Amino acid sequence: MEPILDIKGLRVTFQTNDGPVEAVRGIDLSVKPGETVAIVGESGSGKSQATMALMGLLARNGKATGSALYRGQELIGMSERNLNKVRGDKITMIFQEPMTSLDPLYRIGEQLAEPLRFHRGLSRAKARPRIVELLKLVGIPEPERRIDSYPHELSGGQRQRVMIAMALACDPDILIADEPTTALDVTIQAQILTLLAELQQRLGMAILFITHDLGIVQRFADRVYVMRRGEVVETGATADLFAAPAHPYTRMLLDAEPAGRKLPPPENAPVLLDGQNVEVVFRSSGGLFQPADELRAVDGISVALHQGQTIGIVGESGSGKSTLGRALLRLLPSAGVISYKGRELTNDPAAMRPMRRELQLVFQDPFGSLSPRMTVGRIITEGLMIHEPALSARERDVRAGEALAEVGLEPGMRNRYPHEFSGGQRQRIAIARTMILKPKVIVLDEPTSALDRSVQKQIVDLLRDLQQKHGLSYLFISHDLAVVRALADYILVMKQGRVVEQGQTEAIFDHPAQDYTRTLMAAALETTRFRQEDPAPVLP
Amino acid sequence: MTVTPDPAEVVAVSGRSLWQDAWIRLRRNRAAVASAVVLILLGLVGLFGPMLSPHDHARVYPQFVRVPASLEAYPRADVVLPSFEREMSRARIEGEPVLEDGSVTLALQQDEPIDERILRYFQRSDLFINPRLDLAPDGLSGTLTAEVGQLHFYFGTDALGRDLMSRVFIGVRISLAIGLLASFMALVIGVSYGAISGYLGGRVDNVMMRVVDILYSLPFIFFVILLVVFFGRNLVIIFIAIGATEWLDMARIVRGQTLSLKRQEFVQAAEALGATKAGILRRHIIPNTLGPVVVFVTLLVPKAILLESLLSFLGLGVQEPLTSLGLLISEGANNMRGAPWLLFFPALTLTAILFALNFLGDGLRDSLDPKDR
């Protein structure tokens, strides 16, 4: 079959302060009608920029050269006017972040009508039945009512469904999906992918799927392109590529699943951090005529963290797992009795200050958790300035170098600024910041979820080494069950502020008692394909 | 997705802070660099101009009232000889005076001995310096020479006969000083007030911001008149008046920045390390608000200069013989018909300052938040 999209020698170059940077270095790629093609690569591999170049959506300092033929039409260098006839109509796109890709000021019906009015010339009234149909197609309940909702009234998964409906509005030939499920919970991720697979079978469009997650690729795509540093290093049918990866980079990606198990601490290990009936209630002050709202983010949870233990806290977003982690360190005003080594932790910040040294926290976002205006050395030694004010600047500098070496970074990097480091390196810096204080308990709040798989594995290894070396106790918060299984010896499953299930890791994974736990695990660890094999192209 | 450079490449690059990045971008912006050069030049003019200028800004030249701007020296040749002849007729001497190389020479030939007291007439005149009488031994002939003062008024003189160029230099000095000091005052008060209010939040924030709202509602001119009535017309009062009203905007901007910054994880991380509130404000909040603040300051300086001009224009500003650009423009506006240069030069200087500051502010904004472009 003739390919409908044929890319040859596509290059994307960005002009930056450090001279030109080649994000895409001459890739060849083709998509046949009705086919699902995945582009896999880690961040920085140029996979998104390649598709942005097709759609004419590059940043202003970016320039694309090469050729991209859509049904014989050259897309690269096409005028904005002609490009608008193709994009949004025949080639459409869905983005990663459903929270920001819809305009919060317009009702979803109006936003869905946009492509229909622009490309099909439909009037507002005529577009409406088609929109209801589209919303029904993507599985939005009560489409007649939802059409007049604003984006903030929908959940993340529903917004992504609306984005898909918008992309499908004009019966596209090609749907480009740029990490469409990365920002979603695992359970919703599975629903969205199932929906995409179904829609493809019904409507017969081709899907160009961009992702870093090989699990999804294996379950979803017909053919795979593996990209690294702007080049395609390997390509082939999904089954072949997974069975016999030829390029070492592909093998590395496939092996990146965090491995290993954590053994429980000895029976007699003392309890370090003990929380009884911890509660966090967020109150929004009510208006003049309405009562104050209450949200019980953490609803009476008891946790006992032993020395050397790692407790994994899992659950969907909004289940209160991050809140619990912060509440246990009294970083949020919380009720309930919490004690560390037998001493009670109070909500008084001044009394907590000396205790903070041994109770540390690592954050999810390595880009947001380091102050952009400080050097790495100053970031790492901030804790020393607070807890060991007697140290001289020289001694602090030496300690910063040691801490960097401990997390596997060059000590010479301490005079750099955070923006000069990659995500994984930044997370190492964040870990160094806590390790310099020689803590006993570290709350790890999704420390790996913003990172690429291969980097994730390195961070997991680093955390495990540090734990063995220093006898640390972790509270590991994550929605990623594969990582939790590798790191934790005890698991709490949280839902809506409560613990629905807890137990030793093996026991939970082998015999989950609750449906909720089973759904979480199915979504994360399942390997069956979303679509039946051998799709017959059904043309509308 | 961002283009992250290869880790191996990062090692080779030396550490570069966001400020250095911004500086590199700023240097590429020609308008901003030109503005910075203009500002530095004008700053030097304000600092050293009055010292280097041949005239004191307060010196009155009664014989040169409202002379137009010119590159030639005053007095002009067509003025010198008639006034020399006028003095000659007073001294009752006759002859043909010759003007040459800035001095007037007159060959005298009389029947009676020449009285040396005729020199007094020339000594009394403002125009002539060092009149000298060289007599022949018989006392019947001689030469009378007098130097003519060579005064340059490149910008002309004002209605009282003061050199406009010196006055513009002083005006630049005063206006820039008011602009910078008032902005500095607004910066210090506004940043600390806004950061504290935003970071502490809750009730403290509420009270602090209501205070700002109340101060906002005071009319500026009324406030200045009150200050002037109580403390008299004084340069310091103008600094205080402008600084005290301009910090309000700054406080709001910084508070807004702080509100979004304190949700950032690096602030939470500092809290988790046990940092004190003061430490977090000093190390994390304030350095990170500085980008927008710097931009705002460059736009605040022209605003303060304009406010001072307005006050001076209304007669509430600096006092004679000291002057500011606003005051000079106000005087120039009164003499626009007869002496346009009195308006032209101060207005040109003020415009140059304002343009340069605004361009520099724009350039800074572009270089500090490259995403907003």
Condition check for B:I329: free of Cβ contacts under 8 Å to residues at least 24 places away in the same chain, within 27 Å of B:L227 (Cα to Cα), in the same structural domain as B:F169 (by TED's automatic domain parsing) and assigned to a helix (DSSP H, G or I): yes
Boolean, A:R87 is among the charged types (D, E, K, R), over 18 Å from A:G56 (Cα atoms) and either under 33 Å from the mean Cα position of the chain (by Cα) or surrounded by fewer than 16 Cβ atoms within 10 Å (Cβ to Cβ) (or both): no
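Residues checked against (1) over 20 Å from B:V294 (Cα atoms); (2) touching a residue at least 40 places away in the same chain (Cβ under 8 Å); (3) touching a Leu at 6+ places or on another chain (Cβ under 7 Å); (4) outside any helix (DSSP H, G or I):
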residue	(1), (2), (3), (4)
B:V229	yes, no, no, no
B:A244	no, yes, no, no
B:S260	no, no, no, no
B:F266	yes, no, yes, no
Test result for A:T16, within 14 Å of chain B (Cβ to nearest Cβ), surrounded by fewer than 14 Cβ atoms within 10 Å (Cβ to Cβ) and in contact (Cβ under 8 Å) with a residue 24 or more places away in the chain: yes
Breaking point among (1) at pLDDT below 80; (2) over 30 Å from B:F359 (Cα atoms), for B:H57: (1)
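Check whether at least one residue in region A:21-44 is farther than 25 Å from A:R117 by Cβ and free of Cβ contacts under 8 Å to residues at least 40 places away in the same chain, and report yes or no. Walk me through how you get there before you give the answer.
The first filter runs over region A:21-44 and keeps only residues farther than 25 Å from A:R117 by Cβ, leaving A:21-44.
If we keep only those that are free of Cβ contacts under 8 Å to residues at least 40 places away in the same chain as well, we get A:21, A:30.
Within region A:21-44, one or more residues are farther than 25 Å from A:R117 by Cβ and free of Cβ contacts under 8 Å to residues at least 40 places away in the same chain.
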Number of the exception - A:A269 against (1) more than 14 Å from chain B (Cβ to nearest Cβ); (2) surrounded by 18 or more Cβ atoms within 10 Å (Cβ to Cβ): (2)
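I'd like to know if region B:63-81 contains one or more residues that are within 14 Å of chain A (Cβ to nearest Cβ), part of a helix (DSSP H, G or I) and either at pLDDT 80 or above or in contact with a Gly (Cβ under 8 Å, 6 or more places away or on another chain) (or both).
If we filter region B:63-81 for residues that are within 14 Å of chain A (Cβ to nearest Cβ), which is where we start, we get none.
No, there is no match, as no residue in region B:63-81 is within 14 Å of chain A (Cβ to nearest Cβ), part of a helix (DSSP H, G or I) and either at pLDDT 80 or above or in contact with a Gly (Cβ under 8 Å, 6 or more places away or on another chain) (or both).
Return yes or no: is B:I221 farther than 24 Å from B:G291 by Cβ, assigned by TED's automatic domain parsing to the domain that holds B:L350 and in contact (Cβ under 8 Å) with a residue 60 or more places away in the chain? Steps first, answer last, please.
Details: farther than 24 Å from B:G291 by Cβ: yes; assigned by TED's automatic domain parsing to the domain that holds B:L350: yes; in contact (Cβ under 8 Å) with a residue 60 or more places away in the chain: yes.
Yes; evaluated as a whole, the condition is true for this residue.
Taking A:I174, is it more than 24 Å from the chain's Cα centre (by Cα) and surrounded by 21 or more Cβ atoms within 10 Å (Cβ to Cβ)? If you could, list the steps in order and put the result at the bottom.
Working: more than 24 Å from the chain's Cα centre (by Cα): yes; surrounded by 21 or more Cβ atoms within 10 Å (Cβ to Cβ): yes.
It is true that A:I174 is more than 24 Å from the chain's Cα centre (by Cα) and surrounded by 21 or more Cβ atoms within 10 Å (Cβ to Cβ).
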Number of the exception - A:L451 against (1) more than 11 Å from chain B (Cβ to nearest Cβ); (2) part of a helix (DSSP H, G or I): (2)
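Just to be sure I understand, how many residues within region A:135-164 are over 22 Å from the mean Cα position of the chain (by Cα) and outside any helix (DSSP H, G or I)? Don't jump to the end; show me each part of the working.
Step one: list which residues in region A:135-164 are over 22 Å from the mean Cα position of the chain (by Cα), which gives A:135-150, A:153.
After this cut, where a residue has to be outside any helix (DSSP H, G or I) as well, the list is A:138-142, A:147-150.
Of the residues in that region, 9 qualify.
Out of the residues in region B:237-271 that are of a type in the set (D, E, K, R) and within 14 Å of another protein chain (Cβ to nearest Cβ), state the one that is surrounded by the fewest Cβ atoms within 10 Å (Cβ to Cβ). So that I can check it myself, show each step before the final result.
Pass one, region B:237-271, residues of a type in the set (D, E, K, R): B:246, B:249, B:252, B:255, B:262-263, B:265, B:271.
Within this subset, residues satisfying the condition of being within 14 Å of another protein chain (Cβ to nearest Cβ) are B:262-263, B:265, B:271.
Numbers: B:K262: 19, B:R263: 10, B:E265: 21, B:E271: 21.
Applying the filter and picking the extreme gives B:R263.
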Region B:270-287, residues that are closer than 29 Å to B:L176 by Cβ and either touching a Leu at 6+ places or on another chain (Cβ under 9 Å) or touching a residue at least 60 places away in the same chain (Cβ under 8 Å) (or both): B:I286
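Out of the residues in region A:26-54 that are in a loop (DSSP other than H, G, I, E, B) and within 14 Å of chain B (Cβ to nearest Cβ), state the one that is nearest to A:E234 (Cα to Cα).
To start, the set of residues in region A:26-54 that are in a loop (DSSP other than H, G, I, E, B) comprises A:32-35, A:41-46.
Applying the additional criterion that residues be within 14 Å of chain B (Cβ to nearest Cβ) yields A:41-46.
Numbers: A:G41: 11, A:E42: 14, A:S43: 17, A:G44: 17, A:S45: 13, A:G46: 15 Å.
Filtering region A:26-54 for residues that are in a loop (DSSP other than H, G, I, E, B) and within 14 Å of chain B (Cβ to nearest Cβ), the one nearest to A:E234 (Cα to Cα) comes out as A:G41.
Return yes when A:R416 is out of contact with any Pro (no Cβ under 9 Å at 6 or more places or on another chain) and under 23 Å from A:A327 (Cα atoms) and no when it is not. Even if it seems obvious, please write down each step before you answer.
Working: out of contact with any Pro (no Cβ under 9 Å at 6 or more places or on another chain): yes; under 23 Å from A:A327 (Cα atoms): no.
No: the conditions fail for A:R416.
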Enumeration of residues in region A:213-250 that are touching a Phe, Trp or Tyr at 6+ places or on another chain (Cβ under 7 Å) and of a type in the set (S, T, Y): A:T235
In region B:152-195, residue nearest to B:G49 (Cα to Cα) [restricted to those that are charged (D, E, K, R) and more than 14 Å from the chain's Cα centre (by Cα)]: B:D163
Number of the condition not met by A:A400 [criteria: (1) within 27 Å of the chain's Cα centre (by Cα); (2) more than 10 Å from chain B (Cβ to nearest Cβ)]: (1)
Of all residues in region A:304-337 being surrounded by fewer than 22 Cβ atoms within 10 Å (Cβ to Cβ) and of a type in the set (A, V, I, L, M, F, W, C), the one that is nearest to the other protein chains (Cβ to nearest Cβ): A:L331
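So that you can scan it fast, the table gives a plain yes or no per residue for (1) farther than 18 Å from A:G230 by Cα; (2) without any contact (Cβ under 8 Å) to a residue 24 or more places away in the chain; (3) of a type in the set (S, T, Y); (4) surrounded by fewer than 17 Cβ atoms within 10 Å (Cβ to Cβ):
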| position | (1), (2), (3), (4) |
| --- | --- |
| A:K47 | no, no, no, no |
| A:A53 | no, no, no, no |
| A:L83 | yes, no, no, no |
| A:I94 | yes, no, no, no |
| A:P129 | yes, yes, no, yes |
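Scan region B:152-187 residue by residue and report those that are in a strand (DSSP E or B) and not charged (D, E, K, R).
Applying the first criterion (in a strand (DSSP E or B)) to region B:152-187 yields B:152, B:157, B:163.
Across region B:152-187, the qualifying residues are B:H152, B:T157.
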Near pairs, Cβ below 6 angstrom, 6+ apart or cross-chain, from region A:172-190 (not assigned by TED's automatic domain parsing to the domain that holds A:D480) to any residue that is among the hydroxyl-bearing types (S, T, Y): A:P172/A:T92; A:L175/A:T92; A:I176/A:T51; A:D178/A:S48; A:E179/A:T211; A:D185/A:S317; A:T187/A:T519; A:Q189/A:T181
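Collect the residues in region A:61-117 that are over 26 Å from A:V31 (Cα atoms) and part of a helix (DSSP H, G or I), keeping them in residue-number order. Quick ask: steps written out before the conclusion?
Taking region A:61-117 first, the residues over 26 Å from A:V31 (Cα atoms) are A:61, A:99-100, A:102-114, A:117.
A:I108, A:G109, A:E110, A:Q111, A:L112, A:A113, A:E114, A:R117 - these are the residues of region A:61-117 that are over 26 Å from A:V31 (Cα atoms) and part of a helix (DSSP H, G or I).
Listed here are the residues, each with its yes/no results for (1) closer than 25 Å to A:Q309 by Cβ; (2) at pLDDT below 90; (3) out of contact with any Lys or Arg (no Cβ under 9 Å at 6 or more places or on another chain).
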position	(1), (2), (3)
A:E388	no, yes, no
A:L391	no, yes, no
A:L409	no, yes, no
A:G412	no, yes, yes
A:S422	no, yes, yes
A:R428	yes, no, yes
A:R433	yes, no, yes
A:I436	yes, no, no
A:V443	yes, no, no
Residue pairs meeting the criteria (Cβ under 7 Å; at least 6 apart or on separate chains; first more than 8 Å from chain B (Cβ to nearest Cβ), in region A:346-360; second in a helix (DSSP H, G or I)): A:T346/A:M352
Close pairs from region B:24-39: first assigned by TED's automatic domain parsing to the domain that holds B:T349, partner among the polar types (S, T, N, Q), Cβ under 6 Å, at least 6 apart: B:I24/A:N17; B:R25/B:S367; B:L26/B:S367
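Filtering region A:445-457 down to residues that are of a type outside the set (S, T, Y) and under 11 Å from A:Q364 (Cα atoms), which residue is modelled with the highest pLDDT?
Residues of region A:445-457 that are of a type outside the set (S, T, Y), as a first pass: A:445-447, A:450-453, A:455-457.
So of that shortlist, the ones also under 11 Å from A:Q364 (Cα atoms) come out as A:445-447, A:450-451.
Values: A:D445: 90, A:E446: 87, A:P447: 87, A:A450: 77, A:L451: 80.
Among those residues, the one meeting the criterion is A:D445.
The values are calculated or read from the model by the stated rules, or taken from the named source; none is laboratory data. Predicted model only: the values in this text are computed from it and were never measured. Note that each Cβ is placed from the backbone with ideal geometry, even for glycine, and that neighbours are counted across all protein chains shown.
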